[in-house]
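Input: a single structure, listed below in structure tokens.
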Amino acid sequence: QVHLVESGGGLVQTGESLRLSCVGSGFLFKVQTMAWYRQAPGKQRELIATISPTLATTYTDSVKDRYLISRDDAESTVYLQMNNLKPEDTAVYYCNRPGPLRLSWGQGTQVTVSP
């Protein structure tokens, strides 16, 4: 059974950093492109970063130069280092595969950035 378990969220102040983790199980993690998404209150879930098995990365413009996605295939884990956080980064963060062949969603991890 496929599981995605996100962790590492919390309440921080503007300008601070957080590192999120997502552990995947029940599928062959190392051959998958993985992604981070976020869903802010009242908004649709959006794709913010991806990382391929060859470590190629993409970022949405709003997080480029502040966020860094990485992976550890030995641990079936994808990370999201978030720096210089802003109040508009407040959201529930999820990992998954990008595109239409997404896996079952995990519970996400809440990130709240105070002004």
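Quick notes on this one:
- Under the convention that each Lys and Arg Cβ holds +1 and each Asp and Glu Cβ holds -1, the size of the dipole of the chain around its Cα centre is about 220 debye.
- Using a probe of 1.4 angstrom and keeping all protein chains present, the accessible surface of segment 1-102 works out to 53 square angstrom per residue.
- Highest-fluctuation residue, Gly26, Gly99, Gly42 considered, GNM on the chain with Cα pairs under 10 Å: Gly42
- Ser7 paired with Gln44, simple spin-label distance in nm, labels 7 Å along Cα-to-beta-carbon: 3.3
- Extension gain (nm, one decimal) between Ser104 and Ser17, 0.36 nm per residue minus Cα-Cα: 28.5 nm
- Percentage relative contact order, the chain, counting C-alpha pairs under 8 Å, at least six apart: 37
- Lys43 accessible area, 1.4 Å probe, all protein chains in place, Å² to nearest 10: 140
- Dimensionless Rg/Rh of the chain - Kirkwood Rh, Rg from C-alpha atoms: 0.94
The values are calculated or read from the model by the stated rules, or taken from the named source; none is laboratory data. Because the structure is predicted, anything quoted here is derived from the model rather than measured. Here the Cβ is made from the backbone with ideal geometry for all residues, glycine too, and neighbour counts use every protein chain on show. When the accessible area is computed, the model is the full protein with side chains, heavy atoms only, and any ligands, DNA or RNA have been set aside. Shrake-Rupley method; radii C 1.70, N 1.55, O 1.52, S 1.80 Å.
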